Amino acid sequence: MKTRITILLAALFMSFNISFAQQDEECMNNLSIFDSYVKTKKYDDAYEPWKIVRNKCPKFNRAIYVHGEKILTHKIENSTGAEQVAHINDLMLLYDQSRENFPSNYDLGEILVDKANLAYKYKKELGVSSQEEYDMFQDAFNRDKKNFTNAKGLYTYFSLAVDLFDEGKLEAQKMFDKYDDIIEIIEKIIDGNTSKLNELVKKEENGTSLTNREEKLKKYYESSINAFEEQVIPSMDQKLGQRATCDVLIPLYEKNYENNKSDGLWLQRAMNRMYAKGCKEDPLFLKLVQQKNSLEPSADTSYYLYLLTGEQKYFNQTLDLESDPLKKAKLYKKLANELKDKGSYGQARQYYMESMKLNPSDGSPYIAIASMYAKSANSCGDSNFNKRAVFWLAALEAEKAGRVDSRLKSAAEKSAASYRASAPSKSDIFTEGNAGQTIRIGCWIGRSVTVPNL
């Protein structure tokens, strides 16, 4: 009987990697009981059998920690006062025990950030200060930065740095340094997911269907990138707000320049922030760029020198010095955006297309090209009908964005619909009598579009 029970439950819990050498009938039975209760969200009923397994057989099964987090979270959310604090502290302990008993499944950084997030959520109940909360995230950053990848934790970490600055407990330079530390982590996460996403997009573009697992991975990569680009980074910038205007940054960097002019990282971060905040017209920006370029010539310094001087040699240097495909794609897009803003649409399109070659999962260049087409409609057609036909071209370009980048699907569809509303109507096509014909669009666009059939 015991053997039959063991075989049956081994099958049930195979996904949790049961260690058969430590099996105990009481633990096995209680594991089955609390697992069943958790699956039906009866967390209070699951609590006692779960405690038995946790205390008697801590290495028995990872479900102790996977389900235990759900059970204790429920207890915390449905209790108050000393009882609630006790459950919070118990969950803190459970996080430590999960890594102690299953170290290969729980990274140190992950555990430390989970504890810091929990402390922040219940800071009033635990009576912890902003400094104590910040120190918990700082500990995770110092001890295991590689695995400090939790989006919520990264934002909270920076938010606390700003709060400490406002309280006069953190210097402005250290607050800006923390911003850069966290942005660098985020950029690595985004770049890593983007590289993996690009491989899947290329596979689709080549006409090969993705497997179910690949479809799920694609959605995960897109969701992760979107969370950081559309939520975390904008929230960080909003939190920083007026604490990082040109009026604040210029005096700060002027004050610290002499002490840091041989520090390549300091110079890099200072010039990046000044550029991001629109301070590139100030003489200090050029001074920072030239100094950084004299110490460590890079794609960034060449790019900034190109923007400041307009000299082609710096543009060529920018592309020669950058070897990372994703960073080069970003540089092409930056240059394209600058040219687009100046009205140099033909050259901007060229650089947008180069960007897409290197980063095919980014559909935003298609949106930008569509916008340039639409803005050029009046100047790139030789008749009223042909001018409005440019909007068909813009719609087709916008739709490409949604095909390669599902994050932009909704925006791409809305843009395409708006452009088509400005294109010739069916009655216009009937009057013109040119359904199905190809129209050549002139000027910088230099493309053709087919008139829809009626």
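Data overview
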{"read-out": "Given (1) farther than 18 Å from Tyr155 by Cα; (2) modelled with pLDDT of 95 or more, index of the condition Thr245 fails", "value": "(2)"}
{"read-out": "Residue check, Ala86 loosely packed, with under 14 Cβ neighbours inside 10 Å and either outside the structural domain of Trp50 (by TED's automatic domain parsing) or over 27 Å from the mean Cα position of the chain (by Cα) (or both)", "value": "yes"}
{"read-out": "Residue within the stretch 172-190 that is farther than 30 Å from Asn260 by Cα and not aliphatic (A, V, I, L, M) present", "value": "no"}
{"read-out": "Out of Asp382, Asp362, sole residue that is over 12 Å from Tyr345 (Cα atoms) and surrounded by fewer than 24 Cβ atoms within 10 Å (Cβ to Cβ)", "value": "Asp382"}
{"read-out": "Complete set of residues in the stretch 408-421 that are surrounded by fewer than 16 Cβ atoms within 10 Å (Cβ to Cβ) and either touching a residue at least 40 places away in the same chain (Cβ under 8 Å) or acidic (Asp, Glu) (or both)", "value": "Glu413"}
{"read-out": "Failed item, numbered, when Tyr221 is tested on (1) surrounded by fewer than 20 Cβ atoms within 10 Å (Cβ to Cβ); (2) of a type outside the set (A, V, I, L, M); (3) within 13 Å of the chain's Cα centre (by Cα)", "value": "(1)"}
{"read-out": "Output for the stretch 39-65, where each listed residue is of a type in the set (Lys, Arg) and surrounded by fewer than 16 Cβ atoms within 10 Å (Cβ to Cβ)", "value": "Lys39, Lys41, Lys42, Lys56, Lys59"}
{"read-out": "Any hit, the stretch 214-236, residues being without any contact (Cβ under 8 Å) to a residue 12 or more places away in the chain and under 30 Å from Leu284 (Cβ atoms)", "value": "yes"}
{"read-out": "Residue under evaluation Thr438, criteria (1) within 41 Å of the chain's Cα centre (by Cα); (2) hydroxyl-bearing (Ser, Thr, Tyr); (3) closer than 13 Å to Asn386 by Cα, criterion not met", "value": "(1)"}
{"read-out": "Qualifying residues in the stretch 224-239 (those that are crowded, with 18+ Cβ neighbours inside 10 Å and not aromatic (Phe, Trp, Tyr)) - the one farthest from the chain's Cα centre (by Cα)", "value": "Met236"}
{"read-out": "Residue under evaluation Gln317, criteria (1) surrounded by fewer than 20 Cβ atoms within 10 Å (Cβ to Cβ); (2) part of a helix (DSSP H, G or I), criterion not met", "value": "(1)"}
{"read-out": "From Leu305, Leu295, residue being of a type in the set (A, V, I, L, M) and closer than 20 Å to Cys246 by Cα", "value": "Leu305"}
{"read-out": "Test: Leu393 is more than 24 Å from Asn226 (Cα to Cα) and in contact with a strand residue (DSSP E or B) (Cβ under 6 Å, 6 or more places away or on another chain)", "value": "yes"}
{"read-out": "Of the criteria (1) surrounded by fewer than 17 Cβ atoms within 10 Å (Cβ to Cβ); (2) in a helix (DSSP H, G or I), which one Ala270 fails", "value": "(1)"}
{"read-out": "Scope the stretch 278-307; condition crowded, with 17+ Cβ neighbours inside 10 Å and not in a helix (DSSP H, G or I); matching residues", "value": "Cys279, Lys280, Ser298"}
{"read-out": "Residues being touching a residue at least 40 places away in the same chain (Cβ under 8 Å) and more than 18 Å from Val232 (Cα to Cα) - total across the stretch 135-160", "value": "0"}
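The values are calculated or read from the model by the stated rules, or taken from the named source; none is laboratory data. Predicted model, so just to flag it, every value in this text is computed and none were measured. Reconstructed Cβ throughout: ideal geometry from the backbone, glycine too, with neighbour counts over all protein chains shown.
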